[in-house]
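For reference, the structure is listed below as structure tokens.
The values are calculated or read from the model by the stated rules, or taken from the named source; none is laboratory data. Note that the structure is a prediction, hence the values are computed from the model and not measured. Ideal geometry is used to build each Cβ from the backbone, glycine not excepted, and the neighbour counts take in all protein chains shown. Accessible surface areas use protein heavy atoms only, side chains included; no ligands, DNA or RNA. Shrake-Rupley method; radii C 1.70, N 1.55, O 1.52, S 1.80 Å.
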There are 2 protein chains.
Amino acid sequence: MGSVYLAGAGMTKFGKSADTLVELFAAAALAALSASPVEEVDALYLGAMNPEEFTGESNIAAQVVEALGVSGVPALRVETASSAGAAAVHAACQAVASGYYRSVLVLGGEKMTHLSTSAATRILAEVIEQQERRCGATMPALAAMITERYRQRYRLSRAELERALCRVAMKNHLNGAHNPFAQFQKPITREMYLASKLVSTPLRLYDCSPMTDGAAAVILTAEKTDLVVSGLGQGTGPAGLRERKSFTSFDATRIAAERAYRMAGLLPKQIDFAEVHDAFTPFEIISTEDLGFFPAGKGWQAAEAGKTAADGELPVNPSGGLKARGHPVGASGVAQIVEVAGRLRGGGGIKLKREPRRALAQSTGGLGANNLVTIVERADAARTQNGWAPPPPARAKPRRQKTAPADAGGEGTIETFTVLYVTPDGFLPPLALALVRSRAGDLVMAQGEDVAHLKIGREVYLRRLDGGYVFTVKSHLRQVQEALKELVRGLPALAHKTRRRKEEVR
Amino acid sequence: MGSVYLAGAGMTKFGKSADTLVELFAAAALAALSASPVEEVDALYLGAMNPEEFTGESNIAAQVVEALGVSGVPALRVETASSAGAAAVHAACQAVASGYYRSVLVLGGEKMTHLSTSAATRILAEVIEQQERRCGATMPALAAMITERYRQRYRLSRAELERALCRVAMKNHLNGAHNPFAQFQKPITREMYLASKLVSTPLRLYDCSPMTDGAAAVILTAEKTDLVVSGLGQGTGPAGLRERKSFTSFDATRIAAERAYRMAGLLPKQIDFAEVHDAFTPFEIISTEDLGFFPAGKGWQAAEAGKTAADGELPVNPSGGLKARGHPVGASGVAQIVEVAGRLRGGGGIKLKREPRRALAQSTGGLGANNLVTIVERADAARTQNGWAPPPPARAKPRRQKTAPADAGGEGTIETFTVLYVTPDGFLPPLALALVRSRAGDLVMAQGEDVAHLKIGREVYLRRLDGGYVFTVKSHLRQVQEALKELVRGLPALAHKTRRRKEEVR
């Protein structure tokens, strides 16, 4: 198999843009080409999550061909939700390694800011499993529930969690301040973090990546350059939280990382810096664990100790990450590679402790349902410049799945929860959501009757409502209240019964 | 480069289905696996045009992984509008040839029939260039305009065109009657064809492929089987009719075909049968020319002479094609390969004149904007079983495009036209549409003031209206009318002028 090299790389400034999606793609392409030893390409591979709904455009790959004046050149779009850009990079690598194309232009892009936040959130929420979506779960809500579970599992106090998340947000905003392509280029303070509004407990606005317009581009080629793509790995996981074995780790990242490391012949400790998918600050922490940089449950301490800062032992998101660079969903996976290429070539941005030779990018599709890891090395450092040797993949035999929907009711236990302050259309804040395990062992997402008394492990009553579930925390006081309500509700019927009996007697 | 072989292939029955899109994908996958020597796969490659809008689902690749119980296995979706299935096949071939994966499950699917025809048509119409869409152009309207131009260029009488189109429709319905997976399994008569309603002159309902639910699957592998994928080619072209050099041929198909033939080392005459993208009957005729089976302008005669019938010298769409098998957009490109595999293995369906050893499939994305050609051969017949040797692609250097929108007005000439009887929401039938070349040489799509006097080459007046264009056919009578109107319109101004002059005189 032939090696795959990285030639030019470039991107648009991320943020709110007046350009159309096609114009953003074209601008990124020209930025990548302008600094590239390879100026001619055989095909275009585009990553975009949902141009149909974000901008009403279809057949986007062919449209970009036209905008670049290369009519006739093959082009296709790859989609894996929010990791679409990374998936386009991987598909393009395969195309080059196969010998079918010699040089390929890979693009990632999305345009989102022209929509209202609620409209964009609704589109992004289509990746959420249906039962969970129906309860009002949003991406921040699910991320928050994972965070609460992480806190409980690794025994962090609320203050410890807050400090760690704040530290990640501050670090990424500081890094973004040195990145001229970042959406946010100002450092934030601890006070600003604490003053930012709660989106879904314990996550604040500064824990969430923004809505962004932008595009990024890289040229992959069989011609030898200074950078080689030495490791690729992809993994999938269930869409629904309730289908997962773990709520504090993403199997999809672990699978992708293991494969990429094996292909590159590297260990996590040999990576000099990483760009990871920090759509939410806790996901950066979890990713650094899933990628093997830190042991499970220790990522938060590493972040707090500054190990992932630019001057730390393993800089994470020196570009500012999705948090500060911005997150035009389909673009992010390619933008990570643009950052990686720039850094490995000695480009600008916040200064790292040591000159990097090997970097890793990790991208997440949906709620950790379709994740990719890419390792890029300086050709003079890489072992794999003599050709690809992918590790044997874990083969699987597809089989018919029984899809018995959970039919929970009665009593259960809270596995994790959040209180959502920014709710989707049709749901009033504050909205309590919990993942509840029924006595029968089924996990279901449920709305809370109120937002008090929420705690992992707490017992609840669970009942169906409109195809979803509602839970009520069991407490002595509530039990008395419920009994009283029940009694009051029963009074008219009782009175009626008494009346009828009297009439019968008469 | 390693060779790519075809293992199992299967599909759901096409038509109206009560299953969800994910269930359709899973059923097709299991059909392909049940008859496959390769039962374990390393990854899933899905083709789907627009599950987000057709069924409100995102991250569909990860969803199908779950439905097949192979959690963790990498999966991605490929999209090139209506050729998405074929593009997924090509991307998967590249992945296998690169050695990155050994065996890959390729799926194509779409679910459309649960929507109203107008809702589904609106989604499909997103591939249409915006100025043309704004005039009310639909896919059948654009296909009709290409057909009218073909008729004029190759000097067919209306009766000759009608006979040729009818012949294609009857052939494909007859073929479909032998295909248990086809949506329509009944032959149609000439009388039925002529009685079917006009959709957009000269195209009738029986010239158009239907709305369909369905999925298809093939397994591609590096392990030697009886069938080898020996040729792959892809090409693109402008979305807009008005951007094209030719209205009677698709450059994207020609580019794709040339590349696929060169890769397989074959000439068109060595192909034993073909599955082509007959979304509209005239497109089958044009494809047989673009693929080199018949000279340009001779495809209609070949069809009429029965050369493309099952017992003809080059059977085309023995499966029934999109016309009778049905057209769940993202599924069609994979379904063609399923049909090709079945036939090359001696499977059922309408009997062909001779036992086939080499077959070609051609798929069209949008209005010929992103087309793919795939050649599959029996391994004992193929020259390429010792590995891939793709021809050198036509490299292109992307450049900044000037996007000066046409600003036509004044006088012009009809290049082609149609009268649309099934109009999109907001447009009343009958709607005349014409591609008009202005005196300045710009091509614009315009709505007609009425449906009379339409003819290629006729002179028209062109004026802007609501960001679009309206045309009026120049006729002597009309010229007199216009002059009179102009005069009447001028009268108040004239009176005013006269009054002012009188006042000045006073």
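Before moving on, here are some points about what is shown:
- Considering the stretch A:41-127, the qualifying strands (runs of 3 or more DSSP E), each wholly inside and each with 2 or more residues that are at the interface with chain B (Cβ under 8 Å from one of its Cβ atoms), run over A:75-79, A:103-110.
- Filter result for B:Thr189 (under 21 Å from B:Gly299 (Cα atoms), among the polar types (S, T, N, Q) and at pLDDT 95 or above): no
- Search result, residues across the stretch A:240-262 that are more than 14 Å from chain B (Cβ to nearest Cβ) and assigned to a helix (DSSP H, G or I): A:Tyr261
- The one condition in (1) open to solvent by 10 Å² or more (accessible area, probe 1.4 Å); (2) outside any loop (DSSP other than H, G, I, E, B); (3) at the interface with another protein chain (Cβ under 9 Å from one of its Cβ atoms) that B:Ala31 fails to fulfil: (3)
- Taking the stretch B:51-72 as the range and being surrounded by fewer than 24 Cβ atoms within 10 Å (Cβ to Cβ) and out of contact with any Pro (no Cβ under 8 Å at 6 or more places or on another chain) as the test, the residues that pass are B:Glu52, B:Glu53, B:Thr55, B:Gly56, B:Ala67, B:Gly72.
- Taking residues in the stretch A:283-312 that are within 19 Å of A:His173 (Cα to Cα), and partners anywhere that are of a type in the set (Asp, Glu) and in a loop (DSSP other than H, G, I, E, B), the pairs with Cβ atoms closer than 6 Å and at least 6 places apart or on different chains are A:Glu284/A:Asp278; A:Lys307/A:Glu313.
- Every residue from the stretch B:155-180 that is part of a loop (DSSP other than H, G, I, E, B) and touching a helix residue (DSSP H, G or I) at 6+ places or on another chain (Cβ under 7 Å): B:Leu156, B:Asn179
- Matching residues, the stretch B:244-270, being closer than 21 Å to B:Ala164 by Cβ, hydrophobic (A, V, I, L, M, F, W, C) and either free of Cβ contacts under 8 Å to residues at least 24 places away in the same chain or surrounded by fewer than 24 Cβ atoms within 10 Å (Cβ to Cβ) (or both): B:Phe247
- Restricting the search to strands (runs of 3 or more DSSP E) fully inside the stretch B:430-477 and requiring at least 2 residues that are closer than 20 Å to B:Lys245 by Cβ and open to solvent by less than 30 Å² (accessible area, probe 1.4 Å) gives B:431-438, B:443-448.
- Residue check, A:Met145 in a loop (DSSP other than H, G, I, E, B) and more than 10 Å from every other protein chain (Cβ to nearest Cβ): no
- Highlighted here are the strands (runs of 3 or more DSSP E) found entirely within the stretch B:182-239 that include at least 3 residues which are buried (at least 20 other Cβ atoms within 10 Å of the Cβ): B:214-221, B:227-236.
- Filter pass, A:Gly366 being within 12 Å of chain B (Cβ to nearest Cβ) and on the phi > 0 side of the Ramachandran plot: yes
- Looking only at the stretch A:95-124, and only at residues there that are open to solvent by 10 Å² or more (accessible area, probe 1.4 Å) and aliphatic (A, V, I, L, M), the one that is nearest to A:Gly297 (Cα to Cα): A:Leu124
This table checks each residue for (1) in contact with a Leu (Cβ under 8 Å, 6 or more places away or on another chain); (2) closer than 21 Å to B:Asn370 by Cβ; (3) in contact (Cβ under 8 Å) with a residue 12 or more places away in the chain; (4) β-branched (Val, Ile, Thr).
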| site | (1), (2), (3), (4) |
| --- | --- |
| B:Ser34 | no, no, yes, no |
| B:Gly56 | no, no, no, no |
| B:Ser83 | yes, yes, yes, no |
| B:Gly108 | yes, yes, yes, no |
| B:Ala120 | no, yes, yes, no |
| B:Leu124 | no, yes, yes, no |
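- Looking only at residues of the stretch B:403-423 that are away from chain A (no Cβ under 14 Å), within 29 Å of A:Thr20 (Cβ to Cβ) and assigned to a loop (DSSP other than H, G, I, E, B), we find that the one that is most open to solvent (accessible area, probe 1.4 Å) is B:Asp407.
Conditions (1) away from chain B (no Cβ under 13 Å); (2) surrounded by fewer than 24 Cβ atoms within 10 Å (Cβ to Cβ); (3) not in a helix (DSSP H, G or I), marked per residue:
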| residue | (1), (2), (3) |
| --- | --- |
| A:Gly342 | yes, yes, no |
| A:Ala359 | yes, no, yes |
| A:Val373 | no, no, yes |
| A:Glu377 | yes, no, yes |
| A:Ala382 | yes, yes, yes |
| A:Ala389 | no, yes, yes |
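- Residues of the stretch B:138-169 that are within 19 Å of the chain's Cα centre (by Cα) and among the aliphatic types (A, V, I, L, M): B:Met139, B:Ala141, B:Leu142, B:Ala143, B:Ala144, B:Met145, B:Ile146, B:Ala164, B:Leu165, B:Val168, B:Ala169.
- Among the candidates B:Ala141, B:Ala159, the residue that is within 30 Å of A:Glu66 (Cα to Cα) and either open to solvent by 30 Å² or more (accessible area, probe 1.4 Å) or aliphatic (A, V, I, L, M) (or both) is uniquely B:Ala141.
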